[in-house]
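The values are calculated or read from the model by the stated rules, or taken from the named source; none is laboratory data. Keep in mind the model is a prediction, meaning the values are calculated, not measured. Note that we place each Cβ from the backbone using ideal geometry, even for glycine, and neighbour counts take in every protein chain shown.
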Amino acid sequence: MGRQPSLVLKAACWVHARRRFFVLADLAASARRKAQGKTPAVISPIALEAVRRIDALFDIERQINGQDAGQRRAVRQELSAPLVAELEAWMRQERARLSCHNDVAQAMDYMLKRWAAFARFLDDGRICLSNNAAERAVRGIALGRRAWLFAGSDRGGERAAFMYSLIVTAKMNNIDPQAWLADVLCHIADHPVHRLDELLPWNWKRQSAKLAA
């Protein structure tokens with residue numbers, strides 16, 4: 001409530017970017033191949049260096065995990081911003097030496113073409129370095145699609161998406177979705193339409209706590 005409309009800005013996921021380099025620098029896979037008597041995979045030293053530099057950013061994030069947005073931004077400006085600037089300069093320098101068909105070059109291009117989105121987390125403490133949490137949240141939906149197959153119609157799909165949003169929002173507010181939905185459906189018919197926001201999970205939680213007290 002009270003939020004002003006604004007532009008939607010893209011923030012890129014560093015886990016996705018790292019994965020491309022990690023595949024090219026997978027020491028474990030090379031060791032397994034060697035143990036099996038196979039030719040070890042060729043490890044790219046440039047990819048390995050990229051992984052090392054990106055891992056340094058994740059190390060900083062682990063230190064500030066759980067802090068508020070202002071504190072996270074301050075630490076990122078002090079510690080992460082120089083590393084990101086060095087990574088970009090290093091990557092552009094190395095990219096100029098590689099063929100456009102080189103696998104490492106393609107991994108670099110993925111990042112360099114979206115650099116503003118990758119660097120956006122430095123100026124906003126609310127932004128996470130990865131979207132792993134979002135992907136975990138939709139995992140059940142992705143698995144369920146195999147059984148559900150179709151929603152029945154476009155309107156059915158829209159309703160399903162609406163319900164998914166409500167259920168996940170309740171979970172993110174540490175509320176039992178079934179208890180919340182049951183209570184809301186029981187009272188919504190008699191609830192003033194101009195006060196429907198009171199039934200949103202974060203507001204419902206506060207009201208429930210007051211009644212319990």
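When restricted to residues that are loosely packed, with under 12 Cβ neighbours inside 10 Å and of a type outside the set (S, T, N, Q), the stretch 60-80 contains 6. S130 meets each of the listed conditions (1) surrounded by 15 or more Cβ atoms within 10 Å (Cβ to Cβ); (2) of a type in the set (S, T, Y); (3) more than 26 Å from E49 (Cα to Cα) apart from (3).
Among the residues examined, R76 does not qualify as modelled with pLDDT of 90 or more, within 20 Å of the chain's Cα centre (by Cα), closer than 18 Å to K113 by Cβ and charged (D, E, K, R).
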